[in-house]
Every structure is written in structure tokens, then in C-alpha cells.
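Take a look at the structure below.
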Amino acid sequence: MAGDTVRVGNVEITSLSDGYLEFDACNFFPSISAEQWQPYQVHLTAEHKVRFNLASYLVRSDGRTILVDTGLGPPPPDAPASPWGELLVSLRSHGVQPQDIDMVVMTHLHRDHVGWNLQRNGAAYVPTFPKARYWASRKDYEASRRVEVRERFPNAPSCVWPLQELGLLELMEGEHILTRELTTLPTPGHTPGHMSIMITSQGQRGLILGDAAHNPAQVQETEWVSRADMDSHQAGVTRRQLMERLARERTLVAAGHFPAPGFGRVMTAQGRRYWQGLPG
Ligand SMILES: [Zn+2]
């Protein structure tokens, strides 16, 4: 099996990518000093930047073909060469067409997770995945419509709200059963309704992490809050609980913003947790 596909029992997970984004580490983690990054230099670029893979995960479970998150979307037509916008190419390179997708599931509604949901056709929006229904957290959907926090979901008006008008949106709450093998796990903090996806099959476990962590350093440094975390206290609490659990249960993790393909495990040595990525 190629390095971008893993199995958890009967469930197959393939890592796709829309490209990547880069930020200065001190910009994205404003309260973390260069000194604190010292033990984690390996997780930064040579220019002291954090580089985020924009992964989507293609999951085959229970006869369904499911796409988890849809990247940043098409770059603006007048943009110079863009490091993102590759999701459909990535999908097709695995022999899958947009019409093969039955379900699109969003871990949360930030702009780099909803970008390919819809495309413009004149004044109308059409679903990029024409046979799919789209699943999102009710709390995030409601937040995206609230004036005070709306700017945190900048492309929701074009990439999420029209799904509701088209009758394609399913809103989830709590631990929502997606298939017999996939259940959402509320992991709030990054956004109010952030969801990870728990996979259980044949006695094995996996977790699609979403943005409960952005960089492998946060496997140990769970208090490191990024500027993208909407509730910094809750994000830290959720991250600590999750990392302790993942280490204890040796769960296979799919971490969308970690280096591609983003598969690995949370390990412990000498009282410290660390990320052990599977080779791509
Ligand atoms: Zn993200």
C-alpha cells in the first residue's frame, strides 16, 4: 500500500493535499519565543516558518466514499503561482472523480477546510461534489453567521452558507455517527464546534485530528496556542486531553496540517510525548 494510504481495520484512509501555507512561527504562535522553539527546530523550515500541509482525507468506510475537509479552494484567477488549489488534481490522481464522493465532512468551518465545497457558475453556486451531502458542526455554522465572530470564517458566505440554501447541508452535534465505523468527537477550542473523527474497525482505532493541533511540537506543548485558536484556554485543555488519550491508546492519527501525508502516532519517551510520523 502506498505511503499516502493506511488502513484502520476495514477503513481505508488516503491523504490528499490542496497544497500548503506558510507563516512565520512568531506570527502564527505569537506568544511562543524563538528560544521555546529551540528543541523543536526540526518542525520549522530553515526560515523559521511553520509550513502547513493542506490535507484532505479520502475515507472509504461502510460502502461510502467520504472526503474530510476540502482545502483552501481555487486560487483567485489573477493570482500569481499559488502554493494551493491542487485538491481536485490530487483526488483524480488516486482514480477518484468528484462525482464519486458520497459525503463531505468538515472538521470545522475555517477557510482552509471548506474551500472546494462549491464553485461559481455565473451567479449560482454548484456543488463541486455533485452527489454528496455535506456535514458540518451546528455550533460552527451558527458561529459563522454571528456578527461578532463572522470574520473568523471569511469564506463561509461563498463556501458554506449556499449549501444550506441548496438543501445539501447536514448539521451535526456531539458524537454524531457518520457510518458504522466513523463517529465525530467534539474537540472544541480551535473553533466552538470543532470535530475530530474517530474511526473504530476490527478492534483498531484511528483519529482524523482536524486542527486540534497545527504543528508536531504541540503534541508535547499542548499549551502553545496559535492565533487561529478562537478560544485559547479551551483549545489548550482539549489538546492536552486528546494527546494524553492518543498516547495511551496508541491510536493511528491523521493530522491534516502536519507534514504530508500526516499519518503517525503520539509516542511517549522519558515522560515526554512526541510525534512519530509514518513515512510518506
Ligand atoms: Zn486549518
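Every read-out reported here was derived from the displayed coordinates using simple, explicitly stated rules and does not represent laboratory data. Here the structure is a predicted model, which means the values were calculated and not measured. All Cβ positions, glycine included, derive from the backbone under ideal geometry; neighbour counts span all protein chains shown.
Data table
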item	result
Distant-in-sequence amide H partners of residue 128 (H built 1.01 Å from N, under 5 Å)	118, 119
Relative contact order of the range 110-173, defined on C-alpha pairs under 8 angstrom at six or more residues apart (%)	46
Ordering of 77-84, 187-194 by packing [mean C-beta count within 10 Å, highest first]	187-194, 77-84
Antiparallel content of DSSP bridges confined to the range 5-277, in %, to 5	75
√(5λ) per eigenvalue of the Cα gyration tensor, the chain, largest first, Å	27, 22, 19
Protection proxy ranking of 48-59, 200-211 - average other beta-carbon atoms within 10 Å, highest first	48-59, 200-211
Signed unit charges on C-beta, dipole axis of the range 5-277, positive-most listed residue 17, 122, 197	197
Contact order normalised by residue count of the range 5-277, Cα under 8 Å, 6+ apart, percent	18
Potential lengthening between residue 233 and residue 102 on full extension [0.36 nm per residue; Cα-Cα distance subtracted]	43.6 nm
Charge tally in the Cβ shell below 13 Å around residue 98, where Lys, Arg are +1 and Asp, Glu are -1, residue 98 excluded	0
Segment residue 49-residue 82, length gained on full extension (0.36 nm per residue, minus Cα span)	10.1 nm
Normalised contact order of the range 1-151, rounded percent, pairs of Cα under 8 Å and 6 or more residues apart	21
Cα shape, the range 22-129, gyration tensor, a/c 1.5 rule	prolate
Built amide H within the under 5 Å cut-off of residue 65, gap 5+	102, 103
Check: the range 196-280 dipole with +1 on Lys, Arg Cβ and -1 on Asp, Glu Cβ, in debye	320
